[in-house]
Amino acid sequence: MSKEKPNKEDANWWYDAGQEFCENWIDWRNESRWRIWEVNGQPAIEIGGTVNVLGKFPLKCYIDRIFVTPAGELVVLDLKSGARSPDSDFQLGLYACWVEAKFGVRPPYGCYWNARKGEVSPPFPLDLYTQEYVGAVLEMLKKAKQHEIYIPNVGEHCKRCGVAKACYSVGGEDSHLYDPLDPSYGRGLGRRPTIDSQTDGGIPTVGRDVDIAQSGSLWPPLRQDRP
């Protein structure tokens with residue numbers, strides 16, 4: 001909540017902001033001179049489906065846009081309306097791999113379009129994400145799933161995660177019930193202790209709701225500085 005957003009980003013805010021986002025998109029399209037790529041007579045807008053990487057690893061993607069720049073280069077573009085744009089090119093790299101597997105041509109670059117700023121991110125070179133590289137990643141994911149190995153990937157997305165309460169890595173209050181990383185998991189110890197640095201002087205307290213943004217935890221602390 002702020003002075004500019006007294007009701008946060010509610011429906012009324014999105015109604016007004018949505019119109020601005022659309023105007024930003026129109027202005028950017030006119031200024032950029034990028035044109036939509038056409039494949040098999042169809043514009044590459046929200047194009048997607050499932051392909052098999054290296055003939056054996058299914059990869060399902062839906063790509064917002066594929067553009068052709070004035071220099072003739074293909075660019076995969078993902079539309080973002082949130083307050084932050086991703087720092088990683090992984091999503092875009094998977095898109096490039098998908099396009100290559102589907103159509104036999106490879107977009108060398110990818111970018112994110114920021115609706116709030118009305119601009120694209122700097123282009124990400126996507127040459128790392130070859131069929132072989134993505135296939136190897138998918139192979140590792142397949143093995144991890146088979147052996148029920150799930151490694152935490154803590155970041156901003158955790159704030160929107162529907163199972164965050166069950167995740168030990170972000171201080172989830174029910175992690176002792178579901179997450180093997182929690183030292184209390186399967187031991188019937190109840191909720192894991194937390195440390196309220198403001199009121200308890202570092203003394204563990206059990207069974208109390210603690211604002212994890214203001215406190216630490218016994219194992220390991222919540223990372224507030226992650227991008």
Check: Net charge near ILE63, counting Lys/Arg +1 and Asp/Glu -1 over other residues with Cβ under 12 Å of its Cβ?
Finding: 0
Checklist line | In nm, spacing of pseudo-spin labels at LYS8 and GLU173 (7 Å Cα→C-beta vector) | finding: 1.6 nm
Margin query: As a footprinting exposure proxy, order PHE90, PHE21 by other Cβ within 10 Å, with the fewest listed first.
Written below: PHE90, PHE21
Item checked: Residue order, fewest to most surrounding Cβ atoms within 10 angstrom, among GLU20, GLU100 -> GLU20, GLU100
Item checked: Cα-based Rg and Dmax for the range 11-146, where Dmax is the largest Cα-Cα distance (Å) -> 16.0, 49
Notebook entry, point to check: Under 19 Å from the 7 Å Cα→Cβ point of HIS147, by amide nitrogen: which residues of the range 163-188?
Noted result: 180-182
Notebook entry, point to check: Tell me, in nm to one decimal, what length is gained between ARG35 and GLN131 on full extension, where the rule is 0.36 nm per residue of separation less the Cα-Cα distance?
Noted result: 31.9 nm
Checklist line | For the range 11-146, with +1 on Lys and Arg beta carbons and -1 on Asp and Glu, the positive-most of ALA96, ASN24, PRO123 along the dipole | finding: ALA96
Next item on the list: Could you pull out every one of the lysines with an alpha carbon less than 22 Å from that of LYS56, ignoring same-chain neighbours closer than 8 positions?
Entry: LYS102, LYS142, LYS143, LYS145
Notebook entry, point to check: Amide H of GLY48: which non-local residues (sequence gap of 5 or more, or other chain) have their own amide H closer than 5 Å, using H built in the peptide plane?
Noted result: ILE63
Notebook entry, point to check: What spacing in nm lies between the two simple spin-label points modelled at LEU54 and ILE26, each 7 Å away from Cα in the Cβ direction?
Noted result: 4.8 nm
Notebook entry, point to check: In nm, to one decimal, how far is the modelled label at ILE45 from the one at ARG160, with both set 7 Å along Cα→Cβ?
Noted result: 2.3 nm
Next item on the list: First measure r as the distance between the Cβ atoms of GLU139 and TYR62, then evaluate 1/(1 + (r/R0)^6) with R0 = 22 Å and state the FRET efficiency to the nearest 0.05.
Entry: 0.45
Next item on the list: Return the sequence-ordered ³J(HN,Hα) values of the range 43-48 in whole Hz as given by the Karplus equation 6.51 cos²θ - 1.76 cosθ + 1.60 applied to θ = phi - 60°, using x for Gly and Pro.
Entry: x, 7, 10, 6, 8, x
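Here, each number is a calculation from the coordinates, and none is a lab measurement. What you see is a predicted model; the values in this text were computed from it and never measured. Glycine also receives a Cβ, built like all others from the backbone with ideal geometry; neighbour counts cover every protein chain displayed.
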